[in-house]
Amino acid sequence: MIMQADELKKDFPFFYNKEIIYLDSAATSQKPQKVLDSMDDYYKNYCANIHRGSHEVGNLATTRYEESREFIANYIGADFRELVFTRGTTESINMLAECFVKDRFKTVILSHLEHHSNIVPWQLHGMNIEVIDMDKDLNIDLNSLEDLLKKNPNSLVSLTHVSNSFGIINPIKTIIELVHKYGSKVLIDGAQAIAHFKIDVKELNVDFYVFSAHKAYGPTGVGVLYGKFEYLCEMKPYHGGGSMIDDVSFEKSSFLKPPHKLEAGTQAIAEVIGFAEALRYLSDIKNIDENDSFLMELTKKELGKIPNIIFYTKATNVSANISFNIKDIHHDDIGILLSKQNIMLRTGHHCAMPIMKKLAIEGTVRISFGIYTTKEDILTCIIALKKAIKLLL
């Protein structure tokens, strides 16, 4: 599989004629040429608005857009009617907060590992927030979750599938079953999972699942809100405008059925088409999890040889990213010196300040992998890291 990573890197123009080692795929992934070509094809050959008029070019654009919806829906085991396009994971969560959650639930139950986009929207709508306890390795305490569900009936449990800051994989199948046992609903933030795991929303029986294209080798500016159809039907429109209406008068308006009633205005047409192409590309790649596991073990082993390194979890249920610090060195200083050596990785709080505060740190150095990450990338990073440490101590 590692040899495959070398070959896959050739599909990504970002790496052409560059000496850059890119280890920040958890923030955003690079885009294969096929994705860029699919978007270029739309703009060059059938650029028109969708769901409007009857001319041939517009009909072709509409067909490709809706074919993309159907492909992405099938990719996650959903019906096409259950797939709403948004600007990304953040907008998906905000849409749910505004259009469904705030009028139906008093309490949202979160974990310490959540991204800000799964915290701030609930605060903006005045929701009561309860937080699940975790163990010393940053795993969710299921007994704590059950206690919160007993104390807060009819809650929304909103959790990350994979932590963007520490790579922890939450046992979402077990969590979903537990939440439904107590009559509550579940939203899963799959932003960090969609590029690494096969997701089947029906098998999971999840109520809502959200993710972004740009973390799964697709373009920025587009994401998905999956919701069970009955719940999407209950949601009020997020915005008003074209495409989502059934009838309009000055006295009242009526709306189309989901997903279209939740997609007002001109959508990110090229980006949706590019997103589908990214998932087509991803679906042809085998053993992604094996590559992730190999890279994780290699990285942990090599980092573990460095004096004064600080890890924050010994958990083995981790995926594609690892966070650490070096004693007495600021994480940002490490990031700057690595960048000078053409190693691009993330430093800071990773938009996850609550977990950083709980750990009494300002942030970490984070290495995250993509399908194009090679063994040589990791080993070169380790060499550069040792040079940076030597300069900073």
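All of the numbers you see were taken from the coordinates with simple rules; none came from a lab. Just so it is clear, the model here is predicted, and its values are computed rather than measured. All Cβ positions, glycine included, derive from the backbone under ideal geometry; neighbour counts span all protein chains shown.
Data for the structure
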| quantity | calculated |
| --- | --- |
| At R0 = 25 Å, FRET efficiency that the Cβ-Cβ distance of Leu391 and Lys18 yields, to 0.05 | 0.55 |
| Estimated vicinal HN-Hα couplings, Hz - region 191-201 in sequence order (Karplus 6.51, -1.76, 1.60; Gly, Pro = x) | 4, 8, 9, 4, 7, 10, 10, 7, 9, 10, 5 |
| Radius 14 Å from Cβ of Val57, net charge of other residues (Lys, Arg +1; Asp, Glu -1) | +1 |
| Proximal charge balance of Pro259 [Cβ under 13 Å; K/R count +1, D/E count -1] | 0 |
| Net charge, Arg87 excluded, C-beta distance under 13 Å - Lys, Arg +1, Asp, Glu -1 | -3 |
| Extent along principal axes [Cα atoms of region 1-114; Å; largest to smallest] | 53, 50, 23 |
| Cβ crowding within 10 Å averaged over residues, with 245-256, 178-189 ranked highest first | 178-189, 245-256 |
| Distant-in-sequence amide H partners of Thr160 (H built 1.01 Å from N, under 5 Å) | Ser111, Asp189 |
| Computed magnitude of the charge dipole of the chain (debye, nearest 20; Cβ of K, R +1, Cβ of D, E -1) | 800 debye |
| Rh (Kirkwood; distinct C-alpha pairs) - region 293-341, Å | 12.0 Å |
| Considering only the chain, percent of DSSP beta bridges that pair antiparallel, nearest 5 | 60 percent |
| Region 214-250-region 135-208 distance, computed between alpha-carbon centres (Å) | 23 Å |
| Unit charges on C-beta of K, R, D, E only; dipole of region 75-192, Debye | 300 debye |
| Per-selection Rg to Rh, the chain - Cα, Kirkwood hydrodynamic radius | 0.99 |
| Under Karplus coefficients 6.51, -1.76 and 1.60, residue-wise ³J(HN,Hα) of region 212-221 in Hz, glycine/proline x | 10, 6, 5, 8, 10, 6, x, x, 6, x |
| Rel. contact order, % - alpha carbon contacts under 8 angstrom, at least six apart, region 35-283 | 25 percent |
| Partners for Lys261 among aspartates and glutamates (Cα-Cα distance below 15 Å; same-chain residues under 8 apart left out) | Glu66, Glu82, Glu98, Glu230, Glu234, Asp246, Asp247 |
| Lys, Arg +1 and Asp, Glu -1 on Cβ, resulting dipole of region 300-387 about Cα centre, debye, nearest 20 | 240 debye |
| Residue pairs, from the table Lys185/Lys314; Lys173/Lys228; Lys305/Lys390; Lys9/Lys215, whose Cα atoms sit over 20 Å apart | Lys185/Lys314 |
| Lys/Arg +1, Asp/Glu -1 at C-beta; the chain dipole; positive extreme among Phe105, Ser293, Leu303 | Leu303 |
| Relative packing of peptides 300-310, 27-37 - highest average C-beta neighbours within 10 Å first | 27-37, 300-310 |
| Pairwise label distance in nanometres, Leu142 with Phe250, each label 7 Å out on the Cα-Cβ vector | 6.1 nm |
| Charge-dipole axis of the chain as Lys and Arg at +1 and Asp and Glu at -1 on Cβ define it, positive-most pick from Ser323, Phe275, Leu83 | Ser323 |
| Under the Debye formula (equal points on every Cα, no solvent term), log10 I(q)/I(0) of region 127-167 at q = 0.24, 0.31 Å⁻¹ | -0.92, -1.20 |
| Euclidean distance between Cα centres, region 301-317 to region 340-361, Å | 15 Å |
